[in-house]
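Take a look at the structure below.
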Amino acid sequence: MIVCSTAFTELGGIQARALGHPDLPIAVVAHPFGIRTRDEIRQMAVTCADDIARLICGAGSTTVPVTDRASSAARAKLIDVPADPGEFNRLFQERSWSDGLPLIPPTAARVAAMLQHARRAPDELVATIAPAFGMATVERIAINAVMAGCYPEYLPVLLAAAEAIAAPEFNLQGIQATTGPVAVWLILNGPVARQLGVNSGGNCLGPGAWPNATLGRAIRLIQQNIGGALAGGMDRATQGQPGKYTFCCAENEDANSWEPLHVERGFARDSSTVTVAGAAGTTNMNTHAKDAVDLLRVVADTMTFPAGSDYTFGGEPWLVLAPEHAHILKREGLSKADVKRRLWEQARLAARRLSAKDFARVQAGRRAELGEIGLDTLLPISVKPDDINFIVAGGPGTHSVYVPGMGHVRSVTRQVA
């Protein structure tokens with residue numbers, strides 16, 4: 001039995017099929033219900049309970065059209081496509097294999113060239129990708145990499161990234177099906193970032209660098225074409241964000257006086273890694289503060305806003321510190337742990353700033369962590385200081401970036417073979 005609101009019945013049906021239960025009945029609740037009165041909610045609950053009883057007893061079920069997207073690990077099939085690039089892209093758009101931008105045709109030759117960099121069998125299963133739990137084989141990852149414009153030597157990064165997004169703590173299910181704008185952000189560290197030319201300097205989150213653009217785009221196509229998260233279908237984002245097209249950078253390790261992200265997470269400095277994080281957006285922090293106390297105060301104040309889900313659930317926010325800002329903090333003797341601790345202490349939100357509904361959600365969701373929560377409670381942005389993460393990236397200038405997270409997502413780092 002599945003219980004869904006009307007806005008999520010397609011998601012429920014497609015997941016039922018992916019898990020081997022295509023005929024699982026679905027009890028449907030009218031959407032939205034967050035704006036209903038308590039009496040209306042009570043009546044909806046009674047109706048839903050009656051529907052559940054009726055469906056369990058076999059008196060009919062809600063039929064939801066679903067599409068099986070990569071439910072088995074079979075090798076990919078060859079199809080005939082138009083030679084004209086415009087017609088090719090029109091065909092892939094009609095078949096919902098496109099992200100809305102022009103694609104590179106994944107010919108047998110191009111995919112074979114990509115697979116030369118795998119050291120793994122084409123039909124080897126790398127991960128199952130939520131929410132449709134499609135089988136991400138080496139070959140299927142390579143196909144989407146070709147479509148995104150990746151060069152063959154990029155494939156090992158995507159194999160590691162696919163494993164990372166499928167880790168339970170990353171909560172890809174939540175990212176793929178949420179109404180929020182969360183995008184998967186790739187962060188590269190170590191030799192592979194330099195070998196592939198992934199931009200870590202000026203405009204590293206913007207256009208211009210082929211590896212950044214195509215790697216970020218490929219992981220999105222993998223989420224869509226293997227994981228089944230089609231915009232407007234299982235991807236239920238209210239508005240989405242441009243980062244859902246592509247979101248990828250490297251850490252500027254040469255400008256980082258602290259240990260880089262992958263070393264902080266236990267990897268050798270000369271190892272190559274990719275980290276996946278859930279990014280709800282980016283906020284520019286342009287400050288000319290010249291001492292650590294002043295700088296951390298304005299950064300913490302920027303992080304403190306009542307509509308962020310980090311405060312509702314205790315999240316994992318991120319910062320991209322400009323080299324100039326990182327230099328100020330390091331110059332005054334602060335370690336990464338010191339910076340995290342100070343931000344955690346200062347970026348506290350008075351619970352009274354939340355809406356009434358969100359205040360009730362925080363009371364229910366964080367009571368075990370914080371005890372009784374009143375209007376004057378100062379809510380920490382994360383459960384512990386180490387849940388605040390940052391990298392040093394970018395070029396000259398006094399612009400750092402705040403990247404709010406999604407409450408139930410935790411970043412994952414994997415080594416690139």
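The values are calculated or read from the model by the stated rules, or taken from the named source; none is laboratory data. As the structure is a computational prediction, the values presented were derived from the model and not from experiment. Cβ: placed from backbone, ideal geometry, glycine included. Neighbour counts: every protein chain shown.
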| Breaking point among (1) among the aliphatic types (A, V, I, L, M); (2) in contact with a strand residue (DSSP E or B) (Cβ under 9 Å, 6 or more places away or on another chain); (3) crowded, with 18+ Cβ neighbours inside 10 Å; (4) modelled with pLDDT of 95 or more, for Ile175 | (4)
| remark: For region 223-234, pairs from a residue that is within 10 Å of Ala177 (Cα to Cα) and assigned by TED's automatic domain parsing to the domain that holds Thr246 to a residue that is modelled with pLDDT of 95 or more and among the hydrophobic types (A, V, I, L, M, F, W, C), with Cβ under 7 Å and 6 or more apart or across chains, are none
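Looking at region 7-27, which of the residues that are free of Cβ contacts under 8 Å to residues at least 40 places away in the same chain and crowded, with 19+ Cβ neighbours inside 10 Å is nearest to Gly233 (Cα to Cα)? First the steps, then the outcome.
Applying the first criterion (free of Cβ contacts under 8 Å to residues at least 40 places away in the same chain) to region 7-27 yields 20-21, 23-27.
Next, from what is left, pick out any that are crowded, with 19+ Cβ neighbours inside 10 Å: 25-27.
Values: Pro25: 19, Ile26: 17, Ala27: 18 Å.
So, considering only residues that are free of Cβ contacts under 8 Å to residues at least 40 places away in the same chain and crowded, with 19+ Cβ neighbours inside 10 Å, the one nearest to Gly233 (Cα to Cα) is Ile26.
If you go through region 308-320 one residue at a time, do you hit one that is within 28 Å of Asp270 (Cα to Cα), in a helix (DSSP H, G or I) and touching a residue at least 24 places away in the same chain (Cβ under 8 Å)? Walk me through how you get there before you give the answer.
Step one: list which residues in region 308-320 are within 28 Å of Asp270 (Cα to Cα), which gives 316-320.
Checking the rest, the ones that are also in a helix (DSSP H, G or I) come to none.
Checked region 308-320: no residue is within 28 Å of Asp270 (Cα to Cα), in a helix (DSSP H, G or I) and touching a residue at least 24 places away in the same chain (Cβ under 8 Å).
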| request: For region 246-270, name all the residues that are at pLDDT 95 or above and over 17 Å from Val192 (Cβ atoms). | output: Thr246, Phe247, Ala255, Trp258, Glu259, Glu264, Gly266
| task | Could you tell me whether region 81-103 includes any residue that is surrounded by 11 or more Cβ atoms within 10 Å (Cβ to Cβ), aromatic (Phe, Trp, Tyr) and modelled with pLDDT under 80? | result | no
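Answer with yes or no whether Thr273 is crowded, with 17+ Cβ neighbours inside 10 Å, outside the structural domain of Thr9 (by TED's automatic domain parsing), in contact with a Phe, Trp or Tyr (Cβ under 6 Å, 6 or more places away or on another chain) and more than 30 Å from Gln93 (Cα to Cα). Full working, then the answer.
Values: crowded, with 17+ Cβ neighbours inside 10 Å: yes; outside the structural domain of Thr9 (by TED's automatic domain parsing): yes; in contact with a Phe, Trp or Tyr (Cβ under 6 Å, 6 or more places away or on another chain): yes; more than 30 Å from Gln93 (Cα to Cα): yes.
Criteria met by Thr273.
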| request: Determine if region 359-379 includes at least one residue that is basic (Lys, Arg), more than 25 Å from the chain's Cα centre (by Cα) and assigned by TED's automatic domain parsing to the domain that holds Asp294. | output: yes
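Filter region 133-175 for residues that are among the small types (Gly, Ala, Ser) and out of contact with any Lys or Arg (no Cβ under 6 Å at 6 or more places or on another chain) and give the result.
Kept after step one, since they are among the small types (Gly, Ala, Ser), are these residues of region 133-175: 134, 136, 142, 145, 148-149, 160-162, 164, 166-167, 174.
Of everything in region 133-175, those that are among the small types (Gly, Ala, Ser) and out of contact with any Lys or Arg (no Cβ under 6 Å at 6 or more places or on another chain) turn out to be Ala136, Ala142, Ala145, Gly149, Ala161, Ala162, Ala166, Ala167, Gly174.
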| query | Limited to region 197-245, what total is found for residues that are at pLDDT 95 or above, in a loop (DSSP other than H, G, I, E, B) and hydroxyl-bearing (Ser, Thr, Tyr)? | reply | 2
